[in-house]
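The structure under discussion appears below in the form of structure tokens.
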């Protein structure tokens, strides 16, 4: 027990501030953790629950999505949690290309997700099929199979870009639906 | 190359891999398999080709790991004449117009799924194999259509009906099934696991994979040999360096070129960095699956430091596309050489503390020890490979057995544990981490000066080349055949997960269902690499 406690104390808190400003994500840029929590609460009315769906990726994007949970990005501390069922989720975070063998499963997961049913496509393949394109085995972009709110490019996109995509989807959808704080 | 006990004439292939090719007939195909099997050597990969446009035949290739390197046995298969009367003994197995070759799965169980995949993609059949169920084909294309045949248009689409896969059923008092997937309850790749259980004990696990099949082998046909590394590097993202290197080896063999020394040393730096990144992630996840959140935070913190330095020093967090045919795309500045060496030293110091904590933590060890056990005997029989094999007493590591440059200068010490349980697989990861950190410092210290890239040449149509690299998970193999105009005629990428997935079914047996995530993670196999 003592070595564990010592290691925890010596490691300290390594969590970093949330993403820096980016022109194409202007409405969520430069937010501090407290502001992100505020943003989630006002726009969504609660913490954000995400169901990640690998719809055929090479697993590179999954490595970066995993990284969001490491102590540096600490998304759980921001009020963002990955959940085990689409029925518990506000958002699907989908990597691609959508293989034709995952097409049905992805549609079922989408159908099982309650409102607001946000969808963020992650990675070059999720955006446009990437190096795999469209073929007998690949549907290509996630948007070829289910409606997509935000698509994050990159191969794979680094964790901060994925986080920016998640936050962009939350604010964009809330603005579009005209949700008010407290709703 | 010679295989003792075989009179085959092998044609050596140029390049970094000690590989040779022999073209054989049916009897020699069987004889080669028998000799390799009886000498206790392994089948690495099995793939097929469609050469009907050239000489009217199909082809089947088996790559065996023998003492002198990689022995590739190629068997041409003439399609039976349309009026063939001879039906195979098992009438349900194959109609008379299906081209056949003698199965290898009787001697090498690992060949079973590869044979099924070859049939799904090419329509050539292992005639006497017991299991003829589809493997990679679900509903996306019908039986009788074969996407890897050269006259198949890759953009063709078919109806995608729900398939009814005949799982093996277990019957008996109180036995029931738990179907899991394809979407799993975490941030993880898709696949289906069918558990037959009684109470909480797993009687049988049957895997159904192929969900992430992206048609990679077919896709290779639309790339040039010079450019196809981008695709190879995305067969399994967590192994991108090993695939890119194996692809580069195969391409350089076709082009008969040798990359500069500095490039091969930088490749080894990247391969060892990839091994460290994955082992760090896995040790954290193993802790997490045993409810030890401290381990997850500590190891993912170290991994993030590690990835950030790859981004800074090598231009990409996972070093994707950094290895290309002819060399590498990124140099490491002398300043970054020092920083990377210092980081390796710092991580080693932290690992010593963390290893002590893991080894001394009673709760963690209680979950690890005897969980998901694969005995040495089973590992040998079923052809377990790579890191998991070294946890089950199989002393085999390509970096030691057939060290390609620069490993011939590095004197790698392969890890070896014998218990074959989750604890042993965690221990092998720790051992390999320390060895890779030593290798990284050594490579950085001895990094030769010079060019990063050598000029590419035009590959001769019909030339065959292979790459064979000890990735963090096991042996990655890439085979290429050059076509006209510098294009790839046939590209095949083989993931070590082909070998190890079937053994996970055995490892889970007689364990309790709640231990399965831990057992699965202790192997951490690639779905995408297997499904490709």
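The values are calculated or read from the model by the stated rules, or taken from the named source; none is laboratory data. All values reported here derive from a predicted model rather than from experimental measurement. Counting neighbours? That spans all protein chains shown, and the Cβs are built from the backbone with ideal geometry, glycine included.
What to note about this one:
- Within the range A:118-138, being more than 9 Å from chain B (Cβ to nearest Cβ) and in contact with a strand residue (DSSP E or B) (Cβ under 8 Å, 6 or more places away or on another chain) holds for A:118, A:119, A:120, A:121, A:122, A:123, A:126, A:127, A:129.
- Residue B:78 being at pLDDT 95 or above and touching a strand residue (DSSP E or B) at 6+ places or on another chain (Cβ under 9 Å): no
- If you go through the range B:486-505 and pick out every residue that is within 14 Å of chain A (Cβ to nearest Cβ) and in a helix (DSSP H, G or I), you end up with 1.
- Within the range B:450-462, none of the residues are touching a residue at least 24 places away in the same chain (Cβ under 8 Å) and farther than 27 Å from residue B:258 by Cβ.
Conditions tested, residue by residue: (1) buried (at least 24 other Cβ atoms within 10 Å of the Cβ); (2) in contact with a helix residue (DSSP H, G or I) (Cβ under 7 Å, 6 or more places away or on another chain); (3) at pLDDT 90 or above; (4) more than 7 Å from every other protein chain (Cβ to nearest Cβ).
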position	(1), (2), (3), (4)
A:40	no, yes, no, yes
A:44	no, yes, no, yes
A:47	no, yes, no, yes
A:74	no, no, yes, yes
A:87	no, yes, yes, yes
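- The one condition in (1) in contact with a strand residue (DSSP E or B) (Cβ under 8 Å, 6 or more places away or on another chain); (2) within 10 Å of chain B (Cβ to nearest Cβ); (3) not in a loop (DSSP other than H, G, I, E, B) that residue A:69 fails to fulfil: (3)
- Going through (1) free of Cβ contacts under 8 Å to residues at least 24 places away in the same chain; (2) in contact with a helix residue (DSSP H, G or I) (Cβ under 9 Å, 6 or more places away or on another chain); (3) surrounded by fewer than 16 Cβ atoms within 10 Å (Cβ to Cβ); (4) not in a loop (DSSP other than H, G, I, E, B) one by one, residue B:413 falls short only on (4).
- Residues that are modelled with pLDDT of 95 or more, outside any helix (DSSP H, G or I) and on the phi > 0 side of the Ramachandran plot do occur in the range B:324-346.
Yes/no per residue for (1) in a helix (DSSP H, G or I); (2) free of Cβ contacts under 8 Å to residues at least 24 places away in the same chain; (3) under 30 Å from residue B:517 (Cβ atoms):
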| site | (1), (2), (3) |
| --- | --- |
| B:119 | yes, yes, no |
| B:130 | no, no, no |
| B:140 | no, no, yes |
| B:144 | no, yes, no |
| B:147 | no, no, no |
| B:165 | no, no, yes |
| B:176 | no, yes, yes |
| B:185 | no, yes, yes |
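- Within the range B:279-294, the set of residues being at the interface with chain A (Cβ under 10 Å from one of its Cβ atoms) and buried (at least 24 other Cβ atoms within 10 Å of the Cβ) comprises B:281, B:284.
- Selection count where residues are touching a helix residue (DSSP H, G or I) at 6+ places or on another chain (Cβ under 6 Å), without any contact (Cβ under 8 Å) to a residue 60 or more places away in the chain and either more than 7 Å from every other protein chain (Cβ to nearest Cβ) or surrounded by 24 or more Cβ atoms within 10 Å (Cβ to Cβ) (or both), scope the range A:99-117: 1
- Residue list for the range B:315-332, restricted to those being away from chain A (no Cβ under 14 Å) and under 25 Å from residue B:224 (Cα atoms): B:323, B:324, B:325, B:326, B:327, B:328, B:329, B:330, B:331
- Looking only at the range B:214-249, and only at residues there that are closer than 19 Å to residue B:310 by Cβ and out of contact with any strand residue (DSSP E or B) (no Cβ under 7 Å at 6 or more places or on another chain), the one that is nearest to the other protein chains (Cβ to nearest Cβ): B:237
- When residue B:160 is tested against the conditions (1) within 9 Å of another protein chain (Cβ to nearest Cβ); (2) over 13 Å from residue B:215 (Cβ atoms); (3) exposed (fewer than 14 other Cβ atoms within 10 Å of the Cβ), the lone failure is (3).
- Residue within the range B:506-525 that is in contact with a strand residue (DSSP E or B) (Cβ under 7 Å, 6 or more places away or on another chain), within 14 Å of chain A (Cβ to nearest Cβ) and touching a residue at least 12 places away in the same chain (Cβ under 8 Å) present: no
- Just one of the listed residues (B:448, B:459) is part of a loop (DSSP other than H, G, I, E, B) and surrounded by 23 or more Cβ atoms within 10 Å (Cβ to Cβ), namely B:459.
- Residues located in the range A:102-117, provided they are assigned to a helix (DSSP H, G or I) and either closer than 20 Å to residue B:138 by Cα or out of contact with any strand residue (DSSP E or B) (no Cβ under 8 Å at 6 or more places or on another chain) (or both): A:103, A:104, A:105, A:106, A:107, A:108, A:109, A:111, A:112
- Residue B:263 being within 14 Å of another protein chain (Cβ to nearest Cβ), in contact (Cβ under 8 Å) with a residue 24 or more places away in the chain and either part of a helix (DSSP H, G or I) or within 21 Å of residue B:529 (Cβ to Cβ) (or both): no
- Of the residues in the range B:475-485, none is in contact with a helix residue (DSSP H, G or I) (Cβ under 7 Å, 6 or more places away or on another chain), in a loop (DSSP other than H, G, I, E, B) and in contact (Cβ under 8 Å) with a residue 40 or more places away in the chain.
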